[in-house]
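Okay, so here's the structure we're looking at.
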Amino acid sequence: MVGAVVLDAVGGLAGEGYHRQAGRPHAEQEALEAAGERAKGGTLYVNLEPCTHAHREPPCAQAVVQSGVRRVVISMADPDQRVQGAGIEFLRSAGIETVVGVHEDRALRLNEFYVKHRLTGRPFVTAKFAMSLDGKIATRSGESRWISSIESRAHGHILRSAHDAILVGVGTVLADDPELTARVEGRTARQPLRVVLDSQLRTPPHARVVGPNTLIATTRSGQLGEAETLVLARTAEGRVGLGPLLDELGRRGILSLLVEGGAEVHASFFAEGLVDKVQAYIAPLVIGGREAPGPVGGQGVPSLAGATKLRDVDATRIGDDLWITGYIDVHRDS
């Protein structure tokens, strides 16, 4: 998620651009091409350090030097091991005034998927769920459609389209038979890779999720139609290891994973400290019932000191629902 703006020598807007997709010119190159000769003596603003490695286009840092700009303002260094300050040093060694760190916090947030992947090799994990005001994701009989509003469900599809992959457990497949596609009104939605946690390969061959854009993570050999089965070592509990799964997804270039549960899947991700962000839709409903499930199952924590806390929390109205987002606070009370 990179954008760039070029101002000419007197501060007028000369060019702007952004990285549209893999294989297309990077933001700096697009902005500098738009600016043309007006870039000479001007200033380039970009939210990510210009690259120095060869890709489908010439290195951006080289293009910046050749453009004749006198000053470059960069929000954040690129954590990619092929860059990591090399672009900044290249610009400075060419005599270009280079300022780094302007609105760095905003740049990090904008590229949180990319940063997590480059630093850890794993995708950024978002846990997403919809629940009632009293924390239920279904009634005691299992009815869950629909707790959230039409507006929230439409927004959830936008979230799906924004992620590289979406994950559920086989229990959700058996109970709801979801298609797990992204459907966004008014445009063709980008479709995430559909991932199903299914240690014993119980997904029915006729399930709607089974198809060419589906990965079944399992501990048993087998094939389900056009879906790919990924056999991973089982944990002591006989389940698919989540860490090895995230490592494999990262190797495949998956930068972001939206976990839609159910409750036991969410519990496993939280228990292993694998969640980076929470997106929750809270509907103005009271369901009640001791047997009605909540969004996070498992054993839970024995004391509040061990509870997962969120930081940078935001709340927004969507229809009649409340949409709450927050990042996992890794600093827990001892």
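The values are calculated or read from the model by the stated rules, or taken from the named source; none is laboratory data. If you're wondering where the values come from, they're calculated on a predicted model, not measured in any experiment. FYI the Cβ positions are ideal-geometry reconstructions off the backbone, even for glycines, and counts take in every protein chain you see. Accessible surface is based on the protein model in full, side chains and every heavy atom, while ligands, DNA and RNA are left aside. Shrake-Rupley method; radii C 1.70, N 1.55, O 1.52, S 1.80 Å.
Out of the residues in region 213-228 that are farther than 19 Å from residue 181 by Cα and of a type outside the set (Lys, Arg), which is surrounded by the fewest Cβ atoms within 10 Å (Cβ to Cβ)? Write out each step before concluding.
We begin by selecting, within region 213-228, every residue farther than 19 Å from residue 181 by Cα; these are 218-223.
Still in the running and of a type outside the set (Lys, Arg): 218-219, 221-223.
Values: 218: 23, 219: 17, 221: 8, 222: 12, 223: 11.
Out of the qualifying residues, it is 221.
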| note | Within region 77-91, of all residues that are open to solvent by less than 90 Å² (accessible area, probe 1.4 Å) and over 27 Å from residue 41 (Cα atoms), the one modelled with the lowest pLDDT is 80
| message | I'd like to verify a number: residues in region 200-232 that are in contact with a Ser or Thr (Cβ under 8 Å, 6 or more places away or on another chain) and among the basic types (Lys, Arg), how many? | response | 1
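I need a count of the residues in region 92-117 that are more than 18 Å from residue 325 (Cβ to Cβ) and open to solvent by 80 Å² or more (accessible area, probe 1.4 Å).
Residues meeting the conditions: 5.
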| message | For a quick check of your reading of the model, give me the residue pairs whose first member lies in region 7-33 and is over 17 Å from residue 74 (Cα atoms) and at pLDDT below 95, whose second is in a loop (DSSP other than H, G, I, E, B) and open to solvent by 80 Å² or more (accessible area, probe 1.4 Å), with beta-carbon atoms closer than 7 Å and at least 6 apart or on different chains. | response | 23/56
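Matching residues to (1) outside any loop (DSSP other than H, G, I, E, B); (2) basic (Lys, Arg):
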site	(1), (2)
190	no, yes
201	no, no
205	no, no
208	no, yes
216	yes, no
221	no, no
228	yes, no
| said: Against the condition touching a helix residue (DSSP H, G or I) at 6+ places or on another chain (Cβ under 7 Å), in a strand (DSSP E or B), under 25 Å from residue 119 (Cβ atoms) and in contact (Cβ under 8 Å) with a residue 12 or more places away in the chain, how does residue 72 come out, does it pass? | reply: yes
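Hey, could you check region 126-172 for residues that are assigned to a loop (DSSP other than H, G, I, E, B) and free of Cβ contacts under 8 Å to residues at least 40 places away in the same chain and say which is most open to solvent (accessible area, probe 1.4 Å)? Step through it out loud before you land on a result.
Initial filter on region 126-172 (assigned to a loop (DSSP other than H, G, I, E, B)): 133-149, 163-164.
Still in the running and free of Cβ contacts under 8 Å to residues at least 40 places away in the same chain: 141-146.
Numbers: 141: 98, 142: 47, 143: 113, 144: 36, 145: 117, 146: 149 Å².
Result: 146.
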